[in-house]
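Every number here is computed from the coordinates shown, using simple stated rules; none is lab data. What you are looking at is a predicted structure, and each value in this text was computed from that prediction instead of being measured. Note that we place each Cβ from the backbone using ideal geometry, even for glycine, and neighbour counts take in every protein chain shown.
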Amino acid sequence: MSDETGRTTHFGFRPVAEEDKAGLVHGVFSSVAARYDLMNDLMSGGVHRIWKDAMMDWLAPRDGQHLLDVAGGTGDIAFRFLARAPGARACVLDLTEPMLSEGRRRAEAAAMADRLDWVVGDAMALPFPDNSFDVYTISFGIRNVTRIEAALAEAFRVLRIGGRLMVLEFSRIPNSSLQWVYDRYSFNVIPAMGQAVAGDRDSYQYLVESIRQFPDQERFAAMIGQAGFGNVRYRNLSLGIAALHSGWKL
């Protein structure tokens, strides 16, 4: 980081000015929105669905809760939450309107319309009052935020006392040999798949690089604790390819 007037961050492996990153990320997800769900299935062999179900198992949604799903785009997490807790409400917030539009088109959106809100907004400056939500989730989105610490601070602010944070994000495989194999797949197959399916190699190259820039499990758990959350825990999924992090506003 440089001084206050010229701070930099990363966009994949490329250093960029902090003020430029949100626009670049917006461009990526606007580009891939129409094929986002299909690409998730292809890239993970459908395993992302198992990860999201594991997230719900640990979260244990309850009727009466109000969920904020940040970077929630096409609604996967919100739909799962409301399916398990028919008496709950959910708000899906995303920086990118085309992602929200894809979510609104899904069949689940119509069935759950009376319990579901869609909001364009920034994870670092949430447009909600303090103590507004019981649960805050973010799935494969926090690594795209310009300042992760700011997003975690906002999560803490908008949660009620006793509220819970849960983050699903790509992480690190503890075994270096398996990580090497996974890296070969990620860098060689996923951008090519993005070109073939979505017509956009560069966006998927960025997504692969952004995973490698994200803190590992222990470092990210420490960041959650530094934001004020208590009882911080994490669980590895698929050997650590992804991880769930949980914390509470106590």
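General remarks:
- Selected residue [crowded, with 21+ Cβ neighbours inside 10 Å and farther than 22 Å from Lys52 by Cα] from Tyr206, Tyr136: Tyr206
- Selection from region 113-158 of residues that are within 11 Å of Leu68 (Cβ to Cβ) and within 16 Å of the chain's Cα centre (by Cα): Val119, Gly121, Ala123, Leu126, Val135, Tyr136, Thr137, Ile138, Glu154, Ala155
- Residues in region 152-185 that are out of contact with any Leu (no Cβ under 9 Å at 6 or more places or on another chain) and either under 18 Å from Gly225 (Cβ atoms) or of a type in the set (Lys, Arg) (or both): Ala153, Arg160, Gly163, Arg172, Arg184.
- Condition met for Ala242 (surrounded by 19 or more Cβ atoms within 10 Å (Cβ to Cβ), farther than 23 Å from Gly12 by Cβ and among the aliphatic types (A, V, I, L, M)): no
- In region 141-193, residue farthest from Ala123 (Cα to Cα) [restricted to those that are among the small types (Gly, Ala, Ser) and in contact with a strand residue (DSSP E or B) (Cβ under 6 Å, 6 or more places away or on another chain)]: Ser171
- Some residue of region 186-200 being polar (S, T, N, Q), surrounded by fewer than 18 Cβ atoms within 10 Å (Cβ to Cβ) and touching a residue at least 12 places away in the same chain (Cβ under 8 Å): no
- Any hit, region 54-71, residues being exposed (fewer than 15 other Cβ atoms within 10 Å of the Cβ) and hydrophobic (A, V, I, L, M, F, W, C): yes
- Residues of region 76-92 satisfying the condition of being out of contact with any Phe, Trp or Tyr (no Cβ under 8 Å at 6 or more places or on another chain) and either surrounded by fewer than 21 Cβ atoms within 10 Å (Cβ to Cβ) or without any contact (Cβ under 8 Å) to a residue 60 or more places away in the chain (or both): Ala78, Phe79, Arg80, Phe81, Leu82, Ala83, Arg84, Ala85, Pro86, Gly87, Arg89
- Where strands (runs of 3 or more DSSP E) sit wholly within region 103-208, those with at least 3 residues that are β-branched (Val, Ile, Thr) occupy 133-139.
- Evaluation of Met55 against (1) under 28 Å from Leu24 (Cα atoms); (2) within 16 Å of the chain's Cα centre (by Cα) (one fails), failing number: (1)
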